[in-house]
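Worksheet for the structure shown next.
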Ligand SMILES: Nc1ncnc2c1ncn2[C@@H]1O[C@H](COP(=O)(O)OP(=O)(O)OP(=O)(O)O)[C@@H](O)[C@H]1O
Ligand SMILES: [Mg+2]
């Protein structure tokens, strides 16, 4: 039991980062990015190809992060431009359609050009004993990176000028414009950040299990479930929901079976939404 | 040169003009009241100045620079602050953090966070909200919210302050305080104030010049006494508004 809870925490932290990238973009600009998982996969693939070209793992992973950020930027500059000109529900719907289209295009290309490829960052080293449980070195490193990322995000949003600007746009876009903040610029930066977070998920995930090029949609779906449970637009919510669902997933996998884990996550999500329509930490409109 | 000049500014929504060719100038620390019946186009006119709406025609000139259609954050950094009709504060931040945002982002040369917090404290003391600075915004009433927004506006050290009905719904005592605060803001910082108001008592007590809008056009202009005796103004208000005073 302790082992699967610990595994669940490792997974949950990654769920949280995954969902944070989605929920930020939604909270800031009312945009749901259904190609989010593909951004993660492409970043993983870039890391893989860079390593195959002879670059060591750490710089290759950094190049993967840059690729994720660049993809986010490209989305902002291209398919999201018509989305920004719509407001409210029309904006959400158009963003769903266009990013879904982009997801299919990326998926199709990857399956044609790089079928069966996958990033697998094996990290060697003796297992570490945590709370009497042996943890593989890969899990330990992945969790360490993820915890650092969470800390950096917290610092960014809580204490920096940029973080204040972003929070104010999330809370009241028109109000933020009146204090002198440019919401468009904030949206662009957040898409870059979101791409980097997607890349971090792909890279840390691949330290625990291979991330193959077909994983795009399941990553997006997983991210959406966590986002909805946490409350759309809430970053603390994303991390709380990530932990809860990560633990549920891992406990359910070891006692019931992996094949049912997505169903169990969906049920947990549905129950949360029935009890709390705004998600765990969502704000009521 | 006037600080703000509007030249034949117009804005229509779906073919219906909300602002229909308005020309006016202000500056030099004047307190200019913009009055007129509901739907006259007062709020729209302010939004055209700060860039929340883009005019269909005409030009907006600030200090000699054409700022027509410029986005609000740039207009803000050029020294124009606005307090909207409905409060626009950030609910999960404290009063102090809200006001600090005005200093952090509204100025041409931004201060660091500590300076911004100091500026915020000063601005809050100025509007009499310093004892509420660690509260969240949700704890404030409407009257205090408006003062909060006033403080946030002056924290960005504007040259031009646009106020949209910030005195609506206040009781007599609150009205007196508000009038004093707006006058003090002008006196201390030499800020030009363009102020939309329905409360005639406040207009008569505070405005130095009054512009009356009706159907998006300027109907009359002059000192408060002059304007309120103008038969066209009385006509425009008749049956629509009580003159209050
Ligand atoms: N976004 C909009 N879309 C369509 N019509 C609008 C919009 N904003 C304002 N209008 C219309 O423009 C006209 C002027 O509106 P405005 O809000 O400027 O009036 P106002 O003088 O501020 O009125 P009030 O005293 O009620 O605040 C009104 O007829 C209003 O219905
Ligand atoms: Mg109005």
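Annotations
- Acute angle (nearest 10 degrees) that the helix A:2-29 long axis makes with the longest principal axis of chain A, alpha-carbon atoms: 20
- Order by protection proxy (mean Cβ within 10 Å, highest first), peptides A:129-135, A:30-36, B:33-39: A:30-36, B:33-39, A:129-135
- Residue of A:81, A:14, A:38 that the Gaussian network model of chain A assigns the largest fluctuation, springs spanning Cα pairs under 10 Å: A:81
- Rg and Dmax of the stretch B:1-81, based on Cα coordinates, read 12.1, 36 Å.
- Degrees, to the nearest 10: B:172-189 long Cα axis against longest axis of chain B: 80
- Working from label points 7 Å from Cα in the Cα-to-Cβ sense, the residue A:53 to residue A:126 distance is 3.8 nm.
- With both residues required to sit in the protein assembly as shown, DSSP beta bridges show an antiparallel share near 60%.
- Taken as Cα centroids, the stretch A:32-100 and the stretch B:180-228 sit 52 Å apart, rounded to the nearest whole angstrom.
- Rounded, prolate or oblate (a/c below 1.5 giving rounded, otherwise prolate when a/b exceeds b/c) for the protein assembly as shown by Cα gyration tensor: prolate
- Projected-area average for the stretch A:211-285 over all orientations - Cα convex hull basis, square nanometres: 5.3
- Peptide B:65-75, shielding by other chains (average Cβ, 10 Å cutoff): 3
- Helix B:113-126 and the longest principal axis of the C-alpha atoms of chain B enclose an angle of approximately 60°.
- Each helix, a run of at least 4 DSSP H residues, gives -39500 (n - 2.57); summed and divided by the residues of chain A, these come to -25000 deg cm²/dmol at 222 nm.
- Taking a ≥ b ≥ c as the square roots of the eigenvalues of the Cα gyration tensor, the stretch B:51-146 is prolate, since a/c reaches 1.5 or more and a/b is larger than b/c.
- Percentage relative contact order, the stretch A:1-129, counting C-alpha pairs under 8 Å, at least six apart: 30
- Most tightly packed first, judged by the mean number of other beta-carbon atoms within 10 Å of their residues, the peptides A:183-190, A:53-60, A:201-208 read A:201-208, A:183-190, A:53-60.
- Take each residue in A:178-190, count the other chain C-beta atoms within 10 Å of its C-beta, and the mean is 6.
- Computed over chain B, the per-residue total of -39500 (n - 2.57) for DSSP H runs of n ≥ 4 gives a 222 nm mean residue ellipticity of -11500 deg cm²/dmol, rounded to 500.
- In terms of other Cβ atoms within 10 Å, B:195, A:112, A:155 run from fewest to most in the order A:112, A:155, B:195.
- The stretch B:83-192 shape via C-alpha gyration tensor axes, a/c threshold 1.5: oblate
- Dividing the mean sequence gap of close Cα pairs (under 8 Å, 6+ apart) by how many residues the stretch B:2-140 holds gives a relative contact order of 19 percent.
- GNM result for chain B, Cα springs below 10 Å: residue of B:160, B:32, B:52 fluctuating most strongly: B:52
- Relative contact order (%) - criterion: Cα under 8 Å, at least six apart; region: the stretch A:2-275: 40
- Selected from A:168, A:43, A:139 as most flexible by GNM, with chain A as the system and alpha-carbon contacts under 10 Å: A:168
- By the beta-carbon count within 10 Å of each Cβ, the least crowded to most crowded order of B:96, A:122, fewest first, is A:122, B:96.
- Other protein chain Cβ atoms within 10 Å, averaged over every residue that makes up A:170-177: 6
FYI, it's all coordinate maths here, none of it is from the lab. In this text, all values refer to a predicted model and were calculated from it rather than measured experimentally. Here Cβ is always computed from backbone atoms with ideal geometry, including for glycine, and neighbour counts include all displayed protein chains.
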